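The values are calculated or read from the model by the stated rules, or taken from the named source; none is laboratory data. These numbers come from a predicted model, not from an experiment. Every residue, glycine as well, gets a Cβ built from its backbone with ideal geometry; the counts of neighbours run over all protein chains shown. Protein only, heavy atoms only, side chains kept; ligands, DNA and RNA dropped before computing areas. Shrake-Rupley method; radii C 1.70, N 1.55, O 1.52, S 1.80 Å.
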Amino acid sequence: MKLQSIQALRGVAALLVVMLHARALEIKGIAANGLTEQPLIGGLFTNGFAGVDLFFVISGFIMVFVTRDGLTGLKPAASFLFARITRIYPVWWAFAGCITIYMLAAHGVSGQSEGWHKVAYGHPMVPYLVKSFLLVPQEPFPVLNVGWTLIHEVYFYLVFTLFLLMPRRWLPLLLAIWTAIVASGALLGYSQPTATTFLALAVHPMTLEFTLGAAVGLAVTKGLIWRSGLLTLIATLWLLAALCYEGAGTEFLLQWGRVISFGLPCVLLVYGCAGLDMTKRHAWLIPALIGALVTLALYQLTGFDRNSPEAVRRGATILTVSVGAIAMAIVIWCGWLLGQRAPDQLRRIRSFFKSLLDGAVQVGDWSFALYLSHLIVLSALRNVFGLLGQSESLAPFFRLGHPGVLDNITFAVTGLILTLTASALSYRFYEQPLTILFGRLRKRLFRRGEPRPAPA
């Protein structure tokens, strides 16, 4: 069973991170040209790192959902771990390998250059690269820095594999114990904004997003679904409000703050969307989408972002999210009217949104490749803009920081198209074939001798 809403949320999570990094690279491009123009990409995208929090909640949910058959024991646990490891590492190695080749070409193979010292924080090159490729905690970010989130993911998978060795009925208790251990360790001060050690990784508050997502998975698989449409709308507005209102990053925000501000609405959003998938009520996604787009556009037009004064952000958040809520209500009202007076017209509109959902699901399929490839693509694009922008005739389109918005729009649109294209090609010709290959191998390795699920 493919959960369309959840898969679409994966695409949303990846795009939030893409837009955040597109903004950062746009700022770098403007600075490299010696200009001071504000980037076009702003608004709630300045908190686009919340896409990671959404990813973690979805991961916790999916881990429970895909193991809902109740099979436990050594072989099912090994099968699960094999599936997750072969899902993560081959794709990670491909993109991490690309950036490593670039680093070796740009900064030499000795590992002693200033460029390598800057990337590896002065650590020896070979151990740094080995830990990067194995996704082991260390002080610097992995060679492709978005890989820090995969370190958390691998940790989640390893712990959850241990849970699969136990009877399925123990899972709620095991998740509760894990949550308590993580929360206690973080409150005692063993956590860090970035998990640079195994202890800091084990007790990082972001793990709670995984366990809460797993709790959602338990609820949904047990049939505990309630008011999915309404909760999806509430969660959408809650997350939008957090994206608009949350200020500049602090040590608290990078730990407990992001769990509270972004993790909790993401948990409710995943619960609502999963309920829509289980009950086939995807029409509720239409007002959620329209309300989100209205809020996003209005907040972008205000010119405010996370660096704006707190009082200004608060007022803009209340205004834009309220208008987004009104837009949701109008969509629901119009849908009811069309259902009463022009049902044929409503069917045509729903057909259009069904196609839109299918497209969002497709982006969700590409989301892992999109997440890993976008920094490489956008960085290369910024360098191309730097070269083309030297021409005075091309400056309005390619010199970032040039008066007007043509350069900014060109960079944003081109970057989005190229990243989506790169991720689609990567998924189609690399990730998907590997998934099929390892899926067949998994069946051969683990299909026999699995214990039967215990009776309910």
Computed accessible area, residue 36, all protein chains, 1.4 angstrom probe, square angstrom: 130
Tensor-based shape of region 223-306 (alpha-carbon gyration tensor, a/c under 1.5 rounded, otherwise prolate or oblate): oblate
Helix-only CD estimate at 222 nm, as mean residue ellipticity for the chain, using -39500 (n - 2.57) per DSSP H run (n ≥ 4): -24000 deg cm²/dmol
Förster radius 56 Å - calculated FRET efficiency between residue 334 and residue 134, Cβ distance, rounded to 0.05: 0.55
Within the accessible area of the chain (1.4 Å probe), percent carbon and sulfur: 68
If the convex hull is drawn through the Cα atoms of the chain, its volume per residue in Å³: 168
Å² of accessible area per residue within region 325-402, as computed with a 1.4 Å probe and no ligands counted: 55
Solvent-accessible area of residue 102 with every protein chain in place, 1.4 Å probe, in Å² to the nearest 10: 130
At least 27 Å along the helix axis (C-alpha) and Kyte average at least 1.0, DSSP helices within the chain: 4-32, 310-341, 406-426
Size of charge dipole - the chain - debye, nearest 20, with Cβ of Lys, Arg +1 and Asp, Glu -1, no other charges: 1880
Region 198-246 - accessible surface per residue (Å², probe 1.4 Å): 37
Centroid-to-centroid separation of region 265-335 and region 402-446 [C-alpha atoms, Å]: 27
Anchor residue 118: lysines whose Cα lies under 22 Å away (excluding residues fewer than 8 positions away in-chain): 28, 131
Gyration tensor (alpha-carbon) shape descriptor, region 158-249, a/c threshold 1.5: oblate
Listed residues 249, 189, 155: farthest to the positive end of the dipole of region 152-278 (Cβ charges): 155
Inter-site label distance for residue 417 and residue 352 at 7 Å from Cα along Cβ, in nm: 2.3
